[in-house]
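What follows is a single structure, written as structure tokens, with notes after it.
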2 protein chains.
Amino acid sequence: MSTAEETTGGEIEPWEEVTPDAARRLLVAAVEAFAERGYHATTTRDIAGRAGMSPAALYIHYKTKEELLHRISRIGHDRALSILRTAAAGEGDATGRLADAVSSFVRWHAGRRTTARVVQYELDALGPDARAEILDLRRQVDAEVRGIIEDGVASGEFAVLDVHGTTLAVLSLCIDVARWFNVDGPRTPDEVGALYADLVLRMVGAAK
Amino acid sequence: MSTAEETTGGEIEPWEEVTPDAARRLLVAAVEAFAERGYHATTTRDIAGRAGMSPAALYIHYKTKEELLHRISRIGHDRALSILRTAAAGEGDATGRLADAVSSFVRWHAGRRTTARVVQYELDALGPDARAEILDLRRQVDAEVRGIIEDGVASGEFAVLDVHGTTLAVLSLCIDVARWFNVDGPRTPDEVGALYADLVLRMVGAAK
DNA sequence: GCCGAAGGTGAGCGGCCGCTTAGCGTGCCT
DNA sequence: AGGCACGCTAAGCGGCCGCTCACCTTCGGC
């Protein structure tokens, strides 16, 4: 119904890169609808209606309904990846960088839950080509987190037996926030980010 | 195309409680279809086809397509809850019981990934009444895990600041296995169960 | 003041959706 | 042998789906 919550970090309003204005309104409407009902249960009439337009207007800016999902997924993954890259490229030790990465990644999944839900859970609705493109971005996400954990193991900060498995678990934990997080619930995105950073440091055996 | 993998534990073939035979075949077909494509993208013609029947046959055994999802969700949650209850009621200390609970819960989500996917991710497709019934089961699932963690804190085995938040994270970690686990991947359900039990014990600060 | 491009609409097409109905085959009860 | 309950199918209904098309505005350039 509005663009209220803002705990993600620097960005004031996302999707500003999408132009013209009508195309952005349609995309924002699609994000909301896909997050609420899922891609397949959302109709093009619903999307256009939320954007205050007729059903036909959608096809001036997007070739198909799937292209909308593709664009959302692409932009969302780019954003998630850049959040992780910023944290991973920080100057502190592995412990601090992992805590940064997890807390900011979680803050995004909680604060931008609507977007994150679509990005993380509607992947299967994409066709083979778009799907492959997104999966490649996911591998880069995985590599960023794994890199920090490997650094920590090499420096002796972390005690991890299965680096790949632990990386998977850390990412899985963060991503699933988008499924259960409730804006009206008792926790703020910042609080969940702090809690999860602590839990993840425990998982890798970092000194407190 | 068959019921191959078996790492869940005692059960040989699930859904045996569903009778008559045709109703069970339809239900198994629905589980496969829902897990592959999602509830809304699955057609009644597809379900009936997989079960080797005509579309109309479905409505002899089930009132609507949603009733199929409801039955699947109900049986799946009952099974998940009974797995956790068995572990929680064990005789060991909290550390052992939590490790048991996590490893068996994860084994189920990995080994019975098809079912778990439907159970955990298609909840929103249910109507209000069925949804409320399932949400009640989820609260019981949460209570079982929280109970073990509270026991461990009381006995001094665990060092946990936020019991509710940690419970949420532990369950979230286990449940998300159903999203990423790949039967053709490098890990067996048993291996993931063991890895996750170790990670969770670290999360609660249990002595190794 | 005219013109074409850009962005929008109302109506509607072909098709697939969930679900229903009339009727058919089969096997058990008497 | 007759009857009938049960499980199932073929056909199809009403409706909504993604998407298209013919047409209508608005507006900057000359």
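The values are calculated or read from the model by the stated rules, or taken from the named source; none is laboratory data. Bear in mind that the values here come from a model prediction, so they are computed numbers and not experimental data. Cβ atoms come from the backbone with ideal geometry, glycine included; neighbour counts cover every protein chain shown.
Just to confirm my filter: which helices (runs of 4 or more DSSP H) fall fully inside segment A:126-190 and include at least 3 residues that are more than 14 Å from chain B (Cβ to nearest Cβ)?
Details: elements: A:128-154, A:163-175, A:177-180.
Correct list: A:128-154.
Hey, could you check segment B:22-48 for residues that are near DNA strand C (Cβ under 10 Å from one of its atoms) and more than 14 Å from chain A (Cβ to nearest Cβ) and say which is surrounded by the most Cβ atoms within 10 Å (Cβ to Cβ)?
Only one residue tops the list, namely B:I47.
Only one of (1) more than 11 Å from chain B (Cβ to nearest Cβ); (2) surrounded by fewer than 19 Cβ atoms within 10 Å (Cβ to Cβ); (3) assigned to a helix (DSSP H, G or I) fails for A:G193. Which number is that?
Only one criterion is unmet by A:G193, namely (2).
Just the residues that are hydrophobic (A, V, I, L, M, F, W, C) and without any contact (Cβ under 8 Å) to a residue 12 or more places away in the chain, please, taken from segment A:124-134. Before the answer, list the steps.
As a first pass, look at segment A:124-134 and keep what is hydrophobic (A, V, I, L, M, F, W, C): A:125-126, A:130, A:132, A:134.
Correct list: A:A132 only.
Specify which of the listed residues (B:V183, B:V177) is in contact with a helix residue (DSSP H, G or I) (Cβ under 8 Å, 6 or more places away or on another chain), in contact (Cβ under 8 Å) with a residue 40 or more places away in the chain and crowded, with 21+ Cβ neighbours inside 10 Å.
Working: B:V183 fails: crowded, with 21+ Cβ neighbours inside 10 Å.
None of the other options fit; the residue is B:V177.
Please go through segment B:57-87 and give me each residue that is in contact (Cβ under 8 Å) with a residue 40 or more places away in the chain, surrounded by fewer than 20 Cβ atoms within 10 Å (Cβ to Cβ) and of a type in the set (A, V, I, L, M, F, W, C), ordered by number.
Answer for segment B:57-87, where residues must be in contact (Cβ under 8 Å) with a residue 40 or more places away in the chain, surrounded by fewer than 20 Cβ atoms within 10 Å (Cβ to Cβ) and of a type in the set (A, V, I, L, M, F, W, C): B:I75, B:L81.
Which condition does A:S54 not pass, out of (1) modelled with pLDDT under 95; (2) within 12 Å of DNA strand D (Cβ to nearest atom); (3) crowded, with 19+ Cβ neighbours inside 10 Å, if it passes all the others?
(3)
Please verify whether segment B:104-123 includes one or more residues that are in contact with a Gly (Cβ under 8 Å, 6 or more places away or on another chain), farther than 24 Å from A:L168 by Cα, free of Cβ contacts under 8 Å to residues at least 60 places away in the same chain and within 14 Å of chain A (Cβ to nearest Cβ).
no
Would you check if B:T167 is among the polar types (S, T, N, Q), within 16 Å of DNA strand C (Cβ to nearest atom) and free of Cβ contacts under 8 Å to residues at least 60 places away in the same chain?
Values: among the polar types (S, T, N, Q): yes; within 16 Å of DNA strand C (Cβ to nearest atom): no; free of Cβ contacts under 8 Å to residues at least 60 places away in the same chain: yes.
So B:T167 does not fit the description; no.
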